[in-house]
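Remarks on the structure that follows.
Since every read-out is calculated from the coordinates, none of them should be taken as a lab result. Everything numeric in this text was worked out from a predicted model, so none of it was measured. In this analysis, Cβ positions are derived from the backbone assuming ideal geometry, glycine residues included, and neighbour counts consider all displayed protein chains.
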Amino acid sequence: MSSLTNNLYRFGDFSLDAQSCVLMRGDEAVPLTRKAFDVLLLLIQNSGRIVTKVELMKAVWPDSFVEESNLTQTIFMVRKALDETADKRYIINVQGQGYRFVVPVAETDKHGAEIQAPVAVADERDRRSVPEVQLESRGQVAAFSRTPPFVE
């Protein structure tokens, strides 16, 4: 998957440069394989929305037959690179559907100008029986699960 954007995405302590294919945590580069970077970029570009496993596999492995375990392992590597813990989630697995990036993302162009993007709200089906936490982004409120179901 090649990125068609030159934008910079900021979330938490991280910034992701889509053109240079670099993930930074503060001033340090975070090593990622190309496939892991592509998965993370696709999730970030679709922040707040469920990206299906089929979408991810078609985008990251377009001309290959790969098993779902390849995607699962790649998601594991992304989570590890982000130092994800039970208390600090970036990616949730929506069982039987796909994955969602749940941290607010600020998108800027190369000159630092923020690009206005709509804030996605969690799908009601994903929030049943799970406490929610309110996250504010650009003056809008989005509801995301605090302790999402995590199934690999």
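For the stretch 1-87, applying the loop criterion from DSSP together with a ceiling of 11 other beta carbons within 10 Å to the GluC sites (Glu not before Pro) yields Glu67. Take each peptide in 41-51, 7-17, count the other Cβ atoms within 10 Å of every residue, and average; sorted highest first, the result is 41-51, 7-17. Semi-axes of the equivalent ellipsoid for the stretch 1-106, computed as √(5λ) from the eigenvalues of its C-alpha gyration tensor and ordered from largest down, come to 20, 16, 13 Å. So if R0 is 35 Å, what FRET efficiency would Thr85 and Phe65 give, r being the distance between their Cβ atoms, rounded to the nearest 0.05? Given R0 = 35 Å and the Cβ-Cβ separation, E is 0.55.
For the stretch 8-117, the number of Lys pairs with C-alpha atoms closer than 27 Å, counting only pairs eight or more positions apart or on separate chains, is 9.
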